[in-house]
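Report on the structure given below.
Throughout, read-outs are computed from the coordinates displayed, never taken from laboratory work. Since we're looking at a predicted model, the values are computed, not measured. Quick reminder, even Gly has a Cβ in these numbers, built from the backbone with ideal geometry, and neighbours come from all protein chains shown.
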Amino acid sequence: MSFLPSANHPLGADLWTGDLQTIVRNRVPVHGLQQWECFPTSLCHMVEWATVARHPCAPDRRRSHLLVYKTLPVPEPYDAMYPVSVRIYGFLDKFCVGEFGNWNGDSTRAAYAVQSLSLSSMGNTAAWRNQLDRLNLAATFASRVLKVPLPSVQFRHHLHMQRKVFTKRLFDLQESQARHLSPIHDASAQNAHVPRLPEYPWEWNGPLEILEMQQDGNIMPIHEVLLSRGDFVEIDAEFDLVVVRTHATRAHLRVFLTCKQILRLQSARPTQPSGTPMVTTSPTEIRRMRTNQTSENLPSIHPPEPNTLDQVSPSTLQRIRRHSTAFMPINSAPIE
């Protein structure tokens, strides 16, 4: 995974505010970062750092290309490809990251089943804009390499990302059945009401990895029900390049983000419920709490009685009558 740097820090930590700056700085020692872990800051640097390669076994021809590292991060065979992944920081907004995402159990809808989440800045404008600029740099690079135009700026305000729940496999049916045994068993152990998984060629991609950094720095797996809106998280995401071709217009490139991992760095801070009225103290109430003053020294909260009723408007008269009847003794006779 690669970090999105700012002009003055390899992790972009200097642009976050308050304790968030410390949290991001402590993620990894910057002096130990390798070249592939530092995302480019210019198109010129991007050319030397990454490339666009054809997907070796893409089931969807619209997604037939990958943004990959140009320099392999670890010694591997020459034909190995590593898709570029980036670490994105932000606050959880809406999310649906359960084991089966938004899937309702209908096998005919397996292609549309996704886990999804969105991130927001919560007012950290400079840090957020820096991340958007880096992501749009990758989109521009892919567009120029493929010579397919972008219809618009791909990453603007909120960041939305998805992960497919099922993948359409092209391997042998017998191999598919063997691979299905383990996921079904694992899922049933956590949920007794797991729906029947789709048959070949669909394969369940397994649960999304969700982690939390403890106070001592250790990272532990957690269940998705522990996540809350407003959690400060680090997302491991890959670029999803989609070439869209329609009859009405020429081909254009759309760039999406695929979530691979969620790491919670700070839990959402408790806030006052929106329906709870805020407790405010007026100057009159403060004066009433002073025990060294008599009632004669305090200003009256009731308007003075007028000399004649002819000088009072109907609305004022009605208000005065409400005040007078509110303090009427219980055994008093009604005023005729």
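See the values below:
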read-out: Single match in Gly90, Gly123, Gly98 (criterion: out of contact with any Pro (no Cβ under 7 Å at 6 or more places or on another chain), under 18 Å from Lys260 (Cα atoms) and assigned to a loop (DSSP other than H, G, I, E, B)); value: Gly98
read-out: Residues that are surrounded by 15 or more Cβ atoms within 10 Å (Cβ to Cβ) and either assigned to a helix (DSSP H, G or I) or in contact (Cβ under 8 Å) with a residue 40 or more places away in the chain (or both), drawn from the stretch 38-61; value: Phe39, Pro40, Thr41, Met46, Trp49, Ala50, Thr51, Val52
read-out: Residue check, Gln35 on the phi < 0 side of the Ramachandran plot and either over 25 Å from the mean Cα position of the chain (by Cα) or surrounded by fewer than 17 Cβ atoms within 10 Å (Cβ to Cβ) (or both); value: yes
read-out: Among residues of the stretch 1-36, those that are touching a Lys or Arg at 6+ places or on another chain (Cβ under 9 Å) and among the acidic types (Asp, Glu), counted; value: 1
read-out: Scope the stretch 1-24; condition surrounded by 17 or more Cβ atoms within 10 Å (Cβ to Cβ), in contact (Cβ under 8 Å) with a residue 12 or more places away in the chain and in a helix (DSSP H, G or I); matching residues; value: Ala13, Leu15, Leu20, Ile23, Val24
